[in-house]
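Below you'll find the structure, written out as structure tokens, and then a few comments.
The values are calculated or read from the model by the stated rules, or taken from the named source; none is laboratory data. Quantities reported herein were computed from a predicted structural model and do not represent experimental measurements. Positions of Cβ are backbone-derived with ideal geometry, glycine not excepted, and every protein chain shown enters the neighbour counts.
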Amino acid sequence: MDTLPPDEIMAAQCRRPHGELASTISASMSKGNAALILQTYQLPELAPDAQVLELGMGNGQHFPVLFERIPHGHLSGFDYSPEMVAEARTVNAQWLAQERLSLHEGRLGNLPLADQSMDAIFSINTLYFWDEPQACLADIYRILRPGGTLNLGIRTRTSMAKISFTRLGFQCYERDEAIALVESQQHFQLIRLDYSPDSHGQFAAMDALSLCFRRLP
């Protein structure tokens, strides 16, 4: 994107890509966040037949990396932008045809998924938009199997401050704040983190923080 729209529009589009800008925004985010996405995808141990969920998957451009890690598993993706679900269906048509992927429009907090049905959940650059984080974490806890992992990818507040529009509707966290938030329900325990201080971002040089939490019984 050579010229950015006004901050109010960018903030709203990052939260939920929509309308004529949706495809442009998703392409920019897929490219600019590639290092953070791939870093987070590599964080947990995954069985070849794992059942995996990504929340806020955008256009799903990087799904092939996950499929390499779960050659006999299944991936589900949810996004509350209908434009992103439609684009992800086009980008990942081969996986849908093989019935190894399911894509749905939905919002964390009340997902239509069975209890203890997932081995791993990924969510990258969405934590800033969890308006009710405790309700979101409760839903994740319900869906994850005991011992399963929640894998979050974020930019820290210090890094996000480089981008003016993140002051509008973004709840950003430093590393220890994000960890404390997830562990506050006492249902999750941090087991691994990966941090890159100089990861490439779509709008500025930014850091990349990936956190892996185990679901406790």
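In table form, for the structure just shown:
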quantity	calculated
Selection within region 182-207 - surrounded by 14 or more Cβ atoms within 10 Å (Cβ to Cβ) and either modelled with pLDDT under 95 or of a type in the set (Val, Ile, Thr) (or both)	182, 185, 196, 199, 200, 201, 202, 203, 206, 207
Residue within region 153-170 that is part of a strand (DSSP E or B), modelled with pLDDT of 95 or more, among the β-branched types (Val, Ile, Thr) and surrounded by 15 or more Cβ atoms within 10 Å (Cβ to Cβ) present	yes
First in region 125-150 and aromatic (Phe, Trp, Tyr), second anywhere and assigned to a strand (DSSP E or B), Cβ under 8 Å, 6 or more apart	128/154; 141/188; 141/215
Listing of helices (runs of 4 or more DSSP H) fully contained in region 78-143 that carry 1 or more residues being over 18 Å from residue 51 (Cα atoms) and of a type in the set (Lys, Arg)	82-91
Scan of region 111-124 for residues that are among the charged types (D, E, K, R) and in contact (Cβ under 8 Å) with a residue 60 or more places away in the chain, ordered by number	119
Every residue from region 171-181 that is in a helix (DSSP H, G or I) and crowded, with 20+ Cβ neighbours inside 10 Å	178
Some residue of region 41-58 being within 16 Å of the chain's Cα centre (by Cα), within 22 Å of residue 206 (Cβ to Cβ), surrounded by fewer than 20 Cβ atoms within 10 Å (Cβ to Cβ) and at pLDDT 95 or above	yes
Where residue 68 falls short, out of the listed (1) surrounded by fewer than 20 Cβ atoms within 10 Å (Cβ to Cβ); (2) acidic (Asp, Glu); (3) assigned to a helix (DSSP H, G or I); (4) in contact (Cβ under 8 Å) with a residue 12 or more places away in the chain	(4)
Any chance residue 107 is among the basic types (Lys, Arg) and over 16 Å from the mean Cα position of the chain (by Cα)	no
